[in-house]
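What follows is one structure encoded as structure tokens, with my remarks underneath.
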């Protein structure tokens with residue numbers, strides 16, 4: 001299967017229009033989420049709706065390309081973090097940067113919150129998972145991350161951070177949530193894990209309210 005960009009064989013002006021549409025779509029989705037309309041994107045790009053549809057036959061195709069581009073950017077961020085001489089600081093910066101990015105890119109945050117991961121092409125998804133695994137291992141070897149954490153755990157936490165970024169609330173509350181997550185990932189926070197007894201989470205029946213008085 002060919003992995004060439006659809007824009008490769010377009011004329012120069014058509015490539016520019018396509019790039020403008022992608023840039024506009026990223027901005028509109030970041031501001032309004034995935035429910036934003038094609039008309040809004042076309043207006044932001046300064047092109048007609050027909051131009052958008054010629055380049056991206058469906059809205060889903062456009063969303064996928066925008067999220068692929070964000071996935072590529074995240075992969076670059078991971079690559080820089082992996083070669084950082086301070087693995088612990090690099091891991092924390094990546095987590096903070098990803099949380100703040102989710103707040104800026106509502107479309108990405110909504111998808112991560114809904115699906116637990118970014119809906120991107122399989123090869124890129126695998127590369128991101130491998131990079132996260134490397135980042136986790138380097139931080140653990142450096143003694144900056146608890147040893148029982150896995151890359152899958154980090155993906156789940158990133159999904160939670162994305163959910164927090166689109167949940168109504170003030171910035172200080174979201175920052176505290178992020179700090180609680182980061183503090184819980186430190187080696188000194190690790191404790192043996194045991195199954196939670198069923199009785200500890202069983203919902204007790206509420207006593208009836210006497211409203212006869």
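For the stretch 28-45, the criterion of being at pLDDT 90 or above and part of a loop (DSSP other than H, G, I, E, B) is met by at least one residue. Quick check: anything in the stretch 6-23 in a helix (DSSP H, G or I) and under 19 Å from the mean Cα position of the chain (by Cα)? The answer is yes, given that some residue of the stretch 6-23 is in a helix (DSSP H, G or I) and under 19 Å from the mean Cα position of the chain (by Cα). Step by step: first the residues of the stretch 125-173, then only those that are part of a loop (DSSP other than H, G, I, E, B) and either touching a residue at least 40 places away in the same chain (Cβ under 8 Å) or not assigned by TED's automatic domain parsing to the domain that holds residue 100 (or both), then the one that is nearest to residue 69 (Cα to Cα). Which residue is that? Looking at residues that are part of a loop (DSSP other than H, G, I, E, B) and either touching a residue at least 40 places away in the same chain (Cβ under 8 Å) or not assigned by TED's automatic domain parsing to the domain that holds residue 100 (or both), I get 166.
Scanning the stretch 174-194 for residues that are part of a helix (DSSP H, G or I), surrounded by fewer than 12 Cβ atoms within 10 Å (Cβ to Cβ) and in contact (Cβ under 8 Å) with a residue 24 or more places away in the chain gives a single hit, 189.
The values are calculated or read from the model by the stated rules, or taken from the named source; none is laboratory data. The structure displayed is predicted, hence computed values, not measured ones. In this analysis, Cβ positions are derived from the backbone assuming ideal geometry, glycine residues included, and neighbour counts consider all displayed protein chains.
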